[in-house]
Structures are given as C-alpha cells and as structure tokens.
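Below is one structure, written out as structure tokens, with a few remarks after it.
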Amino acid sequence: MTTASQVRQRLIVALDLADPSRAKTLATLLAPEVGMFKVGKQLYVRAGPDIVRTIHELGGEVFLDLKFHDISNTVAAAAVEAARLGVRLFNVHAFGGPEMMRQTAAAVEKVCGEEDLRRPSVLGVTVLTSLDDSDLETLGIQGGVRAQVLRLAGMVKEAGLAGVVCSAQEASDIRRSCGDAFLLVTPGIRPAGQQAGDQKRIMTPGDAVRAGIDYIVVGRPITGADDPAGAARSVVAEMVEAAG
Ligand code: C5P
C-alpha cells in the first residue's frame with residue numbers, strides 16, 4: 001500500500017510569487033505537506049539563491065525551473081552552480097541541442113563527484129505548451145508538436161539527462177518511447193472538480209498517478225487556496241487513492 005508520506009514526495013508546489021516573504025510563509029506552511037517547491041524565474045530573479053536556501057532550511061526540496069538555454073559552456077557552468085545550491089531538480093531547453101545537454105550532464109557529474117555533492121536530476125524542456133503546430137511551422141519546424149516533443153524527449157534521454165517536463169497529454173507517449181526509468185514531471189494539474197483557469201491541457205492528480213507520472217506540479221490550486229495546507233492534503237489524498 002502506498003502511504004501519504006511516500007506520495008507527497010511526488011507533489012511539487014509552484015511558488016509563482018513575486019514576494020519572497022509570502023513565498024517563505026507558504027513554504028513554511030506547506031513543507032510538512034509536500035515534497036518539493038518549484039522556484040521559477042519570477043521568484044528567483046527577485047529573491048535570488050537565498051530563497052532556495054530558505055526552502056532547504058525548512059526541510060523542503062527545490063525544483064529550480066530556470067529553463068537554461070545557451071551555448072554548451074554557459075549552460076554547463078550554470079548547471080554546476082545549481083548542483084552546488086543543492087537543488088533536487090533543474091531544467092534546460094532540449095532545443096539547446098544534444099551537445100549542450102551532454103556537456104551539462106557531464107559537468108554536473110564531475111562537480112558532484114569532486115565536491116561530494118548530491119546529484120540533482122536534470123530535466124529537458126521539449127516544446128513549450130504555449131506553442132502549437134502553426135507556431136512551430138512559423139519557426140521552420142514541420143511535423144507538429146507531438147512529433148517534435150517525442151523527437152526532443154528521445155534526444156534528452158540519449159544525452160544522459162534524467163527526464164522531461166511534459167504535459168499530461170504527452171506523458172504516455174513519452175513513457176512508451178523513453179522507458180520506465182525516465183522521469184516525467186507534469187504541470188497543468190487540477191484537483192477533481194476544480195476550474196481549469198488558463199490551463200488548457202489539464203489532468204487530475206489521480207489521473208496523473210495512474211498515468212505513471214513521477215512528479216506533479218501544482219501551483220494556484222494550492223497557493224491560492226484559503227487553506228493551502230488543507231488543499232495540499234487533499235491533492236495527496238487523491239494521489240494516495242490512485243496509487244492504491
Ligand atoms: O498555478 P498552476 O498550477 O497552473 O502552475 C503550474 C506551474 O507550472 C506554473 O509555474 C507554470 O508556469 C508551470 N508550467 C505550466 N505548463 C507548462 C510548463 C510549466 O503550467 N507547460
């Protein structure tokens with residue numbers, strides 16, 4: 001039987017807030033309820049690496065969602081700093097290419113060995129969900145989003161990264177083509193019975209667990225709730241029920 005304490009390690013709360021003190025308050029409230037916090041560009045640019053250290057002090061893990069995309073050397077150097085910060089997950093754009101991803105994986109491996117650091121899992125971002133088939137065509141990419149997502153996910157795996165950030169719709173195709181050990185991290189999760197809001201391709205926490213997604217990312221349904229800890233507990237309860 002899967003317990004709440006196992007399942008909550010798979011729940012990542014997106015701290016999409018500009019105000020570091022509000023982020024800290026929420027992290028304090030939620031640290032006993034969830035495994036990880038996603039720190040994205042807005043909060044990181046505002047609060048810097050201190051917010052990551054604060055979350056660690058509260059006992060939480062961090063998914064640093066900065067989506068690095070640059071020449072290989074630059075991304076590998078940023079990845080080394082992410083490893084030194086002690087984050088559990090961080091990501092790079094797969095569109096930076098196989099060499100960029102290989103160098104990043106190698107640089108992380110090297111620094112973790114030399115400095116005795118815990119190895120973060122590096123994720124690839126395939127196609128942003130804000131882009132559709134016609135956007136890709138405008139960018140000179142034929143064949144549509146689905147084919148491009150699968151092509152890039154294969155490239156991420158080949159380069160030696162741990163997994164991808166993907167939408168609920170893409171998860172089962174990627175699982176099939178990249179295998180069971182490949183990490184799938186999925187946002188756009190809405191608890192059963194909640195409004196989709198601006199998310200278009202959504203899934204409930206239970207369906208995400210049944211689909212074999214490793215980590216789900218939930219933002220506003222928890223951070224915007226009147227009782228964020230209670231909202232997190234009900235997401236975990238939905239996940240436990242689905243895990244059986
Ligand atoms: O508040 P909500 O649950 O929609 O937050 C989801 C988080 O996941 C946000 O940080 C959002 O930027 C991120 N995300 C997403 N869809 C993607 C990739 C990332 O919603 N395709």
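When all protein chains stay in place, what accessible area (Å², nearest 10, 1.4 Å probe) is found for Val34?
Roll a 1.4 Å probe over it and Val34 shows about 10 Å².
In Å and from the alpha-carbon atoms only, list the Rg and Dmax of region 170-221.
When restricted to Cα atoms, region 170-221 yields Rg and Dmax of 11.3, 32 Å.
On the accessible surface of the chain, probed at 1.4 Å, how many percent belong to carbon and sulfur atoms?
50
Defining a contact as two alpha carbons under 8 Å apart and six or more residues distant in sequence, what relative contact order in percent does region 107-242 show?
18 percent.
Separation between the Ala225 and Ser130 pseudo-spin-labels, each 7 Å from Cα along Cα→Cβ, expressed in nm?
With each label point 7 Å from Cα toward Cβ, the separation is 2.8 nm.
Spelling out what I want: for every residue of region 104-118, take phi, set θ = phi - 60°, compute 6.51 cos²θ - 1.76 cosθ + 1.60 (Karplus), and round to whole Hz; glycine and proline get x.
Computed from phi, the couplings for region 104-118 are 5, 4, 5, 5, 5, 4, 5, 5, 5, x, 5, 9, 6, 9, 6 Hz.
Ignoring ligands, DNA and RNA, how do Asp16, Asp116, Asp207 rank by accessible area with a 1.4 Å probe, largest first?
The residues order as Asp116, Asp16, Asp207, largest area first.
Counting pairs of alpha carbon atoms under 8 Å apart in space and at least six apart in sequence, what relative contact order in percent does region 1-126 give?
20
Apply the Kirkwood formula to the chain: the hydrodynamic radius equals the inverse of the mean of 1/r over all pairs of different alpha-carbon atoms; give it in Å with one decimal.
By the Kirkwood definition, the hydrodynamic radius is 18.3 Å.
List the lysines whose Cα sits under 22 Å from the Cα of Lys41, skipping any in the same chain fewer than 8 residues away.
Leaving aside lysines fewer than 8 places away in the same chain, those within reach of Lys41 are Lys24, Lys67, Lys200.
When the chain is treated as a GNM, springs tying every alpha-carbon pair under 10 Å, which of Glu61, Glu99, Glu115 comes out with the largest mean-square fluctuation?
So, out of Glu61, Glu99, Glu115, the one fluctuating most is Glu115.
Set the Förster radius R0 to 41 Å, insert the Cβ-Cβ distance between Asp19 and Gln142 as r into 1/(1 + (r/R0)^6), and round the FRET efficiency to 0.05.
With R0 = 41 Å, the Cβ-Cβ based efficiency is 0.40.
How high is the relative contact order of the chain? Use alpha-carbon pairs under 8 Å, at least six apart in sequence, and give a whole percent.
Computed value for the chain: 19 percent relative contact order.
With the other protein chains left in place, how much accessible area per residue, in square angstrom, belongs to the chain at a 1.4 angstrom probe?
That works out to 46 Å² for each residue.
Given only helices, namely DSSP H runs of n ≥ 4 each adding -39500 (n - 2.57), what is the per-residue ellipticity at 222 nm of the chain, to the nearest 500 deg cm²/dmol?
Here the helix-only value at 222 nm equals -14500 deg cm²/dmol.
Name the long-range amide H neighbours of Asn91: under 5 Å, sequence gap of 5 or more, or other chain; modelled H, no Pro or chain starts.
The answer is Leu66, Lys67, Phe68, Leu123.
Mind grabbing the base-10 log of I(q)/I(0) for region 104-191 at q = 0.21, 0.24 Å⁻¹? Debye formula, identical points on the C-alpha positions, no solvent, two decimal places.
For region 104-191, the Cα-only Debye profile gives -0.99, -1.15.
What share of Cα pairs, in percent, lie more than 20 angstrom apart in region 129-244?
48
What ranking of Lys38, Lys24, Lys67 comes out by heavy-atom accessible area, probe 1.4 Å, highest first?
Sorted descending by solvent-accessible area, the residues read Lys24, Lys67, Lys38.
The values are calculated or read from the model by the stated rules, or taken from the named source; none is laboratory data. Keep in mind the model is a prediction, meaning the values are calculated, not measured. Cβ atoms come from the backbone with ideal geometry, glycine included; neighbour counts cover every protein chain shown. Remember, those area values only see protein heavy atoms, side chains included, never the ligands or the DNA or RNA. Shrake-Rupley method; radii C 1.70, N 1.55, O 1.52, S 1.80 Å.
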